[in-house]
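Bear in mind that the values in this text are calculations on the coordinates, not laboratory data. None of these values were measured; they are calculated from a predicted model. Positions of Cβ are generated from backbone atoms using ideal geometry, with glycine treated the same way; all protein chains shown enter the neighbour counts.
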Amino acid sequence: MASEIVVPLRSDADVLLARQKARTLAQPLRFSTSELTLIATAISEIARNILTYAGNGTVVLRLAQRGKTRGLTVVARDQGPGIADLNRAMEDGFSTSGGLGLGLPGSKRLMDEFDIVSAPGEGTTITMTKWER
């Protein structure tokens with residue numbers, strides 16, 4: 001099995017595909033059903049943001065290892081307009097699209113590690129990892 005899977009994001013069907021591929025890749029890891037659901041939810045939130053704000057992008061899924069601990073890393077990347085106010089975008093309830101504003105901060109809470117790099121005109125890259133317990 002591949003240790004890295006790239007899923008191009010162009011439509012809602014690709015969001016589902018990214019969730020399914022993450023579940024498949026994480027199969028050998030010791031994640032509970034609820035942890036797999038948290039990962040899938042975080043992927044959905046981030047991938048839908050890419051479709052809403054950038055139109056398209058990619059999700060890269062890869063197995064991670066830190067010492068004896070294994071995990072799943074998700075890198076979501078787009079070449080969209082970027083995020084003008086990153087601090088504000090990470091606040092619960094802040095949305096520029098009329099949504100609930102839970103996508104970015106919610107995804108951060110669901111995963112063990114979360115990093116976002118974005119600048120106006122330069123797109124956005126989010127890297128998040130869930131580690132085995």
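Numbers for the structure displayed
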item: Cα-based helix-to-principal-axis angle, 33-49 vs the chain, degrees rounded to 10; result: 30
item: Rg/Rh ratio calculated on Cα atoms of the stretch 4-131 (Kirkwood radius); result: 0.95
item: Most positive-pole-ward Cα, Gln27, Val7, Ala42, against dipole of the stretch 1-70 from beta carbon charges; result: Gln27
item: Residue-by-residue Karplus 3J(HN,Hα) for the stretch 8-19, coefficients 6.51, -1.76, 1.60, Hz, glycine and proline x; result: x, 10, 10, 8, 4, 4, 5, 4, 5, 4, 4, 4
item: Max mean-square fluctuation residue, GNM over the chain, Cα-Cα springs under 10 Å, options Gly67, Gly106, Gly93; result: Gly67
item: Ascending count of other beta-carbon atoms within 10 Å, so fewest first, for Val60, Val7; result: Val60, Val7
item: Eligible aspartates and glutamates near Lys68 by straight Cα distance, threshold 18 Å, same-chain separation 8 or greater; result: Asp112, Glu113, Glu132
item: Value at 222 nm in deg cm²/dmol, rounded to 500, when DSSP H runs of n ≥ 4 in the chain each add -39,500 (n - 2.57); result: -9500 deg cm²/dmol
item: Reachable lysines from Lys108, criterion Cα separation under 21 angstrom, eight or more residues apart if same chain; result: Lys21, Lys130
item: Ranked list, fewest to most other Cβ atoms within 10 Å of each Cβ, for Ser11, Ser44, Ser107; result: Ser11, Ser44, Ser107
item: Net charge, Thr125 excluded, C-beta distance under 10 Å - Lys, Arg +1, Asp, Glu -1; result: -2
